[in-house]
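The values are calculated or read from the model by the stated rules, or taken from the named source; none is laboratory data. Computed from a predicted model, the values in this text were never measured in an experiment. Please note: Cβ atoms are built from the backbone with ideal geometry, for glycine as well, and neighbour counts cover all protein chains shown.
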Amino acid sequence: MLQAPLTTLPSVDTAAGPKSPHPACASRSGRAMALTQRDSATRILLAEKKSPQRHMKTWPLGFGVKLEIVTPFLGKYRPFVGRCCQICTPKSWQSSFHKHLPSLGFHNVLQVTEEDTRYRGWLVRRLCYFLAVLDWKVHSETPQDLQERIFCSKRVQDVMALKVPQARVAGSVVSKSPAQWRSKVLQILGQIQSPLSLFILRLCSWALLRLLNRMFLNLLLHKGQLEMVRRAAQTPDIPLVFLSTHKSQLDGLLLPFLLFSQGLGVPRVTWEYQAYTPSLRALLSRLGGVFLPPRAEHTPDSERGALSRAILTSYIEELLKSRQHLVIFLEEPVSGVSRLSAPGGEWLSLVLGAVRAGVVPDVMLVPVGIAYDVAPNASHGGLSGSAQPFGLWSCLLAVRRALGREFGCVRVDFAQPFSLQEYTANSLFRRSCSQKSLEELLLPVILGKSPDLLDWEKWEEWYPGLGAAVELKAEERVLVGRLGLHSLSASVSCSAVMAVAIMSALLLLKHREGVFLSRLMSDFSWLVEETLLRNCDVGFSGRLRDLVLHALCLLRGCVSLHRLSRGDVLVAPRETEAAVRELGCHSAALLPVFTCEAVGACAINALLVEMLPFLGPAELPAAVVLSQEELSRKVLALLQLLPRDFLLLQPCQSVSCYSQDVLDKLIQCGLLVAEEAPSERLACDTARRRFPRKLLWKEMEDFNDSDSDYDEDAGKRRFKISQLDNCPDFFLFLCGLLGPLLKTFERAAAFLAESGCPERELEYLEKLQRFLVRKAREDGSFECTNRSLAASSVRTFKELGVLRERPGPAGPILHLSETFSTKGNQEQLEKFIGQFSSS
């Protein structure tokens, strides 16, 4: 049970309420949390525990608020998330999973006691961290003759013999001695990896365990998910590749530490080469880090680039052959938006190439979701680098700053492992060739032409910078992109939603002007239930009061609390740029949970924008009848506009099927109500009907081409917006989830008039970023100033044909297309995007 409340409520005995079956927010063992207040600020004080039971003390302020103890989840057990896709991997869906796994409960990795060691006694209890780390085993290590294997591999030998076309360029045909070639190979291999140092590994694991205990209340792991991973790791000759989200720079140390502590060995972890200084890269390499060689060495028209790719490919093959696990981060680091990263695609293409070459029979892919209450990154004064390379001294300073505050709880979730061979076979079998560019699909709609192509699939390149995959064919590059998007979608969907994310979404999207604490607690409970109803788990449990105060305590820099004379507390989010940006970053975790409903709400908003000029003054939007056909068109238009990897739509699901899912979710959540004409027979009428004299199928001239599941009247259905009291607030909340992206796109369209094209893409992006910041200072919408959102709008405008790209000496040069060089078409684009935004 959570023990970190805020001092704005009267004291209540924590043992009075029912206990949750999942102690996901239990504080670390051996300490208790107490609170004191000084000058309207709160501080957490740590006191030694004197009894086996936990006690919580709060400063009695006498507000007189009566609180109800609420268990914030439905049913006895939470949903067990993370099942693999039954369409793409049906065989994997049946394996590594049993009905008893969801009931295994949680394990706090940071709670290490003498029970985790082989010894007992007074001294052991004080040295349990060190002794436990000594017992952790490294199951597989790098082969001793790795350098010789790579040097003698066929790929490297072909480059040395200049049999590779990319290596035969002017000035590169120079004979080298074997010693010179070996020195060059060892130099490049040293940039990729180093042998593991068990002493440094155990020393850093002990130091990291102490650091994590100071920073976080707990680090939770579901025992059922861990059991699935252990069963997959026992498959002979099949290595594991963990495909993880990337919420903080700490993830690269946190995830291997967790696997090491749970008996899964020490995996190799992919790190960014340019982001760290040579000294820190050397340390990370000794801990199991691997790096892509510098980007300049991946140019396909140089001897060194060909040699680097050959060595890197051979290294991945030897790594998988020795059954060493690999961790790949699919997200862009610390971007605040779930987007696929190009380095993650490069590593994934190397793994796919090794499997398709027959080096290993198969690879089990394990999506991993990491969720923080507050991620330790730069904006929160934690562990994150800046634009400059991150070094050892910067790392120590970041650790010192991180020790000065609490980051709440951490939750790591493993999705069900699935076979790469099975996914590849099914994906290639189902891949459709009926794809069109975004310009062909959406440009006619924007310019007022026929929108008949909206239900086609959009062609989209998810990994535009696959430098290490230049040798892959076009279909293999598409397969890597689909696999990366599928894995990232699985990783995000299995990630738990933390209390800070729910609180941030409520404050930013529903109570921007402030809210009473009693109302905030009610809305918090409502949003938790809505999250669980959508089969998504939350990373906490306990009493409602403790959870709300825990979230407010971690967000104390973003909110202000005011005690009122009536006995309640007013909670108001701050309007500063840093506060709004932080709240927007946290609330983005709710978008994957409500993606369908958010898309549908924005589509309804677009229809209302079109209809409101024709409505009378007495007519309300709730009385408007919406046609299913028009609503589906708006949903399809929005789905085609937004990047698929931003919405995390799985590639195995077509856009038309997803559009139908959006409509179904709107009906299930109660926003839409079916409208039936009075003359029509009610859907629930079960009165007897006389059979027709002639069967319908006999009246069809050609029933072989008909679809028995098709309903003629399906597209003629009509709906009304629900008139329940909570529906307007829920509608605006859903629209607000997509608000930052849509508002960024709308302002990017307005920026076209003053863009100053043609210019380099990097300069264009910098000007757009400054334009977004200037607009945000006018209305306070600082959540729209995310650089990743700005880059997403530029990419979408290039696919849409608004911006044309030409190669230049210093990088790609952007210029406006002829179609959107006129003011009228620019305004049409801005109006088209603005219809989906509620603000």
Check S793, S788 and return the single one that is modelled with pLDDT of 90 or more, closer than 27 Å to G739 by Cα and among the small types (G, A, S). S793
Starting from residues that are part of a loop (DSSP other than H, G, I, E, B) and under 23 Å from the mean Cα position of the chain (by Cα), keep the ones in the stretch 501-547 and report whichever is surrounded by the fewest Cβ atoms within 10 Å (Cβ to Cβ). N535
Search result, residues across the stretch 216-241 that are over 18 Å from I370 (Cβ atoms) and out of contact with any helix residue (DSSP H, G or I) (no Cβ under 8 Å at 6 or more places or on another chain): R230, R231, A232, A233, Q234, T235, P236, D237
Of the residues in the stretch 741-776, those that are of a type outside the set (F, W, Y) and touching a residue at least 60 places away in the same chain (Cβ under 8 Å) come to L741, L742, K743, E746, A749, A750, L752, A753, S755, A776
Kindly check whether there is at least one residue in the stretch 419-428 that is modelled with pLDDT of 80 or more, closer than 21 Å to S341 by Cα and outside any helix (DSSP H, G or I). no
Restrict the check to the stretch 181-202 and report whether at least one residue is surrounded by fewer than 13 Cβ atoms within 10 Å (Cβ to Cβ), of a type in the set (K, R) and at pLDDT below 90. no
From A572, A588, A579, A601, residue being at pLDDT 90 or above, more than 25 Å from the chain's Cα centre (by Cα) and aliphatic (A, V, I, L, M): A572
Could you grab me the full set of residues in the stretch 91-123 that are assigned to a helix (DSSP H, G or I), out of contact with any Ser or Thr (no Cβ under 8 Å at 6 or more places or on another chain), in contact (Cβ under 8 Å) with a residue 60 or more places away in the chain and not aliphatic (A, V, I, L, M)? W93, P102, S103
Note: among D413, D455, just one is modelled with pLDDT of 65 or more and part of a loop (DSSP other than H, G, I, E, B), namely D455
Scan of the stretch 733-763 for residues that are farther than 12 Å from S837 by Cβ and assigned to a helix (DSSP H, G or I), ordered by number: F733, L734, A748, A750, F751, L752, A753, E754, E761, L762, E763
Is there a residue in the stretch 548-566 that is in contact with a Ser or Thr (Cβ under 8 Å, 6 or more places away or on another chain), of a type in the set (S, T, Y) and part of a loop (DSSP other than H, G, I, E, B)? no
Of all the helices (runs of 4 or more DSSP H) wholly in the stretch 173-266, which have at least 3 residues that are within 28 Å of H100 (Cα to Cα)? 223-233, 251-261
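Residue-wise test of (1) under 24 Å from T113 (Cβ atoms); (2) touching a residue at least 60 places away in the same chain (Cβ under 8 Å).
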| residue | (1), (2) |
| --- | --- |
| S197 | no, yes |
| L201 | yes, yes |
| R210 | yes, yes |
| N213 | yes, yes |
| K223 | yes, yes |
| M228 | no, yes |
| Q234 | no, no |
Within the stretch 268-286, residues being assigned to a loop (DSSP other than H, G, I, E, B) and either acidic (D, E) or buried (at least 22 other Cβ atoms within 10 Å of the Cβ) (or both) number 1
For the stretch 572-583, check the following and say yes or no: at least one residue is without any contact (Cβ under 8 Å) to a residue 24 or more places away in the chain, out of contact with any Asp or Glu (no Cβ under 7 Å at 6 or more places or on another chain) and within 24 Å of N726 (Cβ to Cβ). no
